[in-house]
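Colleague: Here it is, the structure, as structure tokens.
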Amino acid sequence: MTGGWGIAWLVILLLINGFFVGAEFAVISVRRSQIEPRAEAGGRAAKSTLYAMEHATMMLATSQLGITVCSLLILNVSEPAIHHLLEYPLALTRLPEEVVGTIAFIIALIIVSFLHVVIGEMVPKNLSFSVPDRAALILAPPLVFISMVFRPIIYALNATANGVLRLFRVEPKNEANSAFTVDEVANIVAQSTKEGVLTDNIGALNAAFEFTAKKVRDIAVGMPDLVSLSEAATPADVERAVAQNGFSRYVLVNDEGEPTGYLHLKDVLDLDEAGEFDEPVPPKRIRKLISISRGMDLEDALAAMRRSGVHLARVFDDSDQTRGVLFLEDIIEELVGEVQDATRRA
């Protein structure tokens with residue numbers, strides 16, 4: 001092969017090698033949230049990219065096969081051509097033929113290695129890291145096509161690699177990881193806030209992360225601190241309690257101090273006829289309490305209260321003893337900050 005054809009093949013093989021490197025890093029780097037909306041909108045490139053992300057190990061096997069083949073061809077085709085071109089000017093130095101051959105080989109190896117590393121590896125890799133979504137949309141579809149063409153070979157290579165992993169008791173994954181733990185999301189938010197990309201002036205985001213780590217016992221109101229009324233309370237008693245304390249909801253307790261239900265101010269507002277105002281509130285007006293373990297996660301307690309449509313819950317311990325009452329308002333405050341009861345005066 002002449003020197004000119006060798007240079008031409010070097011350029012072509014470097015570009016092909018760069019494609020496989022760029023596609024490999026693009027599939028790994030791109031986030032599902034960047035591609036999924038475009039795929040749902042009908043974008044063909046986005047659908048192919050999403051497929052590549054869901055079959056990441058197959059795409060990596062395709063990329064590695066392409067990179068390996070290109071690297072071998074570069075060394076076996078381009079290096080001898082450059083070596084041949086360098087022999088002519090080096091022969092003018094009148095050095096021995098063996099010395100000329102050795103120097104030409106060393107220079108050719110340095111040139112090819114430099115171009116291979118920079119043009120064939122680092123440039124496409126850095127490009128994919130810089131703009132992963134755009135790189136993935138451009139490079140992933142042809143990579144998927146190549147994997148389909150060479151599917152038997154790729155499948156065999158991938159199966160072999162997965163088998164080796166299982167020998168070391170490592171379960172291989174097919175899909176690129178797009179999920180994050182709570183701690184990882186908290187770190188992402190913290191870094192984004194530090195870089196000025198995200199603002200959290202009221203601290204709602206940080207509160208949400210802290211919320212996931214809290215238990216019912218952390219915010220439940222203990223029975224000694226609870227402002228309650230007797231289960232035989234009258235509308236007049238409720239009205240006086242609202243005027244004195246400013247709360248709109250009151251837990252009703254029996255003679256043993258156990259909570260049996262609760263009342264909201266609006267439950268008794270219409271009981272103003274003669275005889276009703278000073279009589280115990282009718283049982284049908286009293287709202288039921290659900291029971292929640294004090295060790296339950298706060299987010300699970302919120303879900304349980306929302307399902308039941310209640311604003312208060314009895315909190316019990318491992319021995320089923322009542323330890324306090326959980327207020328929906330207090331849960332909301334953990335997420336958004338102070339919530340002022342509409343009936344409380346500032």
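The values are calculated or read from the model by the stated rules, or taken from the named source; none is laboratory data. These numbers were taken from a predicted model, which means no experiment stands behind them. Glycine also receives a Cβ, built like all others from the backbone with ideal geometry; neighbour counts cover every protein chain displayed. Protein only, heavy atoms only, side chains kept; ligands, DNA and RNA dropped before computing areas. Shrake-Rupley method; radii C 1.70, N 1.55, O 1.52, S 1.80 Å.
Colleague: So how much accessible area does I153 have, in Å² to the nearest 10, using a 1.4 Å probe?
Modeller: Using a 1.4 Å probe on the heavy atoms, I get roughly 90 Å².
Colleague: For S33, tell me the accessible area in Å² from a 1.4 Å probe, rounded to the nearest 10.
Modeller: Around 80 Å² of this residue is reachable by solvent.
Colleague: What FRET efficiency do you get for Q34 and D278 if R0 is 56 Å and r is their Cβ-Cβ distance, rounded to the nearest 0.05?
Modeller: E between Q34 and D278, to the nearest 0.05, is 0.25.
Colleague: Using a 1.4 angstrom probe on the protein heavy atoms only, line up K173, K284, K214 by accessible area, largest first.
Modeller: Descending order: K284, K173, K214.
Colleague: Sticking with this one: So if I place +1 on the C-beta of Lys and Arg and -1 on the C-beta of Asp and Glu, and nothing else carries charge, what would the dipole magnitude of segment 1-144 be about its Cα centre? I want it in debye, nearest 20.
Modeller: The calculated dipole for segment 1-144 is roughly 520 debye.
Colleague: Stretched out fully, how many nm does the piece from D270 to A213 gain, at 0.36 nm a residue minus the Cα gap?
Modeller: 16.3 nm
Colleague: Probe radius 1.4 Å, ligands and nucleic acids left out: which of L86, L14 has the largest accessible area, and how do the rest follow? Mind dumping the intermediate values first?
Modeller: Numbers: L86 40, L14 10 Å².
My answer, sorted largest first, is L86, L14.
Colleague: Can I ask one more? Report, in listed order, any pair from K125/K173; K47/K173; K47/K125; K173/K214 with a Cα-Cα distance greater than 25 Å.
Modeller: Checking Cα-Cα distances, K173/K214 exceed 25 Å.
Colleague: Check cross-link reach from K288 to the lysines: straight Cα distance under 22 Å, and skip same-chain residues fewer than eight apart.
Modeller: K266
Colleague: Ok, one more. Please give the Cα centre distance for segment 20-83 versus segment 284-325, rounded to the nearest Å.
Modeller: Distance between centres, Cα-based: 53 Å.
Colleague: In nanometres, what is the gap between the two model label sites at V164 and R287, each 7 Å from Cα along Cα-to-Cβ?
Modeller: Roughly 6.3 nm, to one decimal.
Colleague: Taking 7 Å along the Cα-to-C-beta vector as the label spot, tell me the F105-V310 distance in nanometres, rounded to one decimal.
Modeller: A separation of 8.6 nm, rounded to one decimal place.
Colleague: Okay, moving on. According to a simple spin-label model (label point 7 Å from Cα along Cα-to-Cβ), what is the distance in nm between E256 and F145?
Modeller: With each label placed 7 Å out from Cα toward Cβ, I get 7.7 nm.
Colleague: Also, I was wondering about something else. Take the solvent-accessible surface of the protein heavy atoms, probe 1.4 Å, and return the percent of it on segment 19-144 that carbon and sulfur atoms account for.
Modeller: Of the solvent-accessible surface of segment 19-144, carbon and sulfur hold 68 percent.
Colleague: Further question on the same structure: Give me the net charge of A39's neighbourhood, meaning all other residues with Cβ under 14 Å from the Cβ of A39; Lys, Arg count +1, Asp, Glu -1.
Modeller: So the environment of A39 carries a net charge of +1.
Colleague: Determine the shape class of segment 1-143: with a ≥ b ≥ c the square roots of the Cα gyration tensor eigenvalues, call it rounded for a/c under 1.5, and otherwise prolate if a/b is greater than b/c, oblate otherwise.
Modeller: Judged from the Cα gyration tensor, segment 1-143 comes out prolate (a/c at least 1.5, a/b above b/c).
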